[in-house]
1. Describe numerically, in nm with one decimal, the distance between label points set 7 Å from Cα along Cα→Cβ at SER59 and at VAL113.
2. Pulled fully out, how much extra length does the chain show between GLU92 and GLN143, if you take 0.36 nm times their separation in residues and subtract their Cα-Cα distance?
3. Listing LEU148, LEU107 from the residue with the fewest other Cβ atoms within 10 Å to the one with the most, what is the order?
4. Determine, for PHE115, PHE101, PHE96, the number of other Cβ atoms within 10 Å of each Cβ, and report the residues in order from fewest to most.
5. By count of other Cβ within 10 Å, fewest leading, how are LYS66, LYS103, LYS60 ordered?
6. What FRET efficiency do you get for LEU77 and PHE101 if R0 is 25 Å and r is their Cβ-Cβ distance, rounded to the nearest 0.05?
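Throughout, read-outs are computed from the coordinates displayed, never taken from laboratory work. What you see is a predicted model; the values in this text were computed from it and never measured. As a convention, Cβ positions derive from the backbone with ideal geometry for all residues, glycine included, and neighbour counts pool all protein chains shown.
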Amino acid sequence: MPPLPEVQVTPIAPPDAAEEVGARSSAPAPVSSQMTELVSLRLLAKLWGESVPIPLIISKTKLDWKHVKGMVEYIELGNGWVLKFSTVSDREYVWFNRPWFVKGLNLVLSLWVPFFDPYSASIKSVDQWVRISHLPWEFWDEQTLTNLLTPFGGGDPC
């Protein structure tokens, strides 16, 4: 599994180089604890398809996410939700065990991004399972499975 992205602030130029060109010598402000919390404890979520009442989504995800130890807060944004987790491990469990479904609809998750606007954001990819029934064992190698998945957008064959 790929590691979760980290928030880093890198100065554009070292302070002494900034002084040489007459720019301000103060370094950028460090990332606030609030931004760190947003990135580490939240996921963005939206159902792919028809509208489903939030109580049904909550009950289904609580059932599916039975390994989540802490609370999950569902914050309605008008065009999707923010899922706020109590712990990083709970968030990682939900993120790394995708895809999740509610009433047969894909619950699309994405990592928190600063200044997220639910009304202008678009879904660029959806996690899906592809079942290949009765595939002979001779074809169960990474290259063949990758070739079979290419028309579906590729992905991890295993």
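1. That separation, rounded to one decimal, is 3.4 nm.
2. Numbers: separation 51, 0.36 × 51 = 18.36 nm, distance 2.86 nm.
In short, 15.5 nm is gained.
3. Numbers: LEU148 14, LEU107 23.
By the 10 Å Cβ count, ascending: LEU148, LEU107.
4. Details: PHE115 4, PHE101 15, PHE96 10.
Going from sparsest to densest Cβ surroundings: PHE115, PHE96, PHE101.
5. Values: LYS66 7, LYS103 12, LYS60 16.
Neighbour counts put them in this order, fewest first: LYS66, LYS103, LYS60.
6. Values: r = 21 Å, r/R0 = 0.83.
My answer for the efficiency is 0.75.
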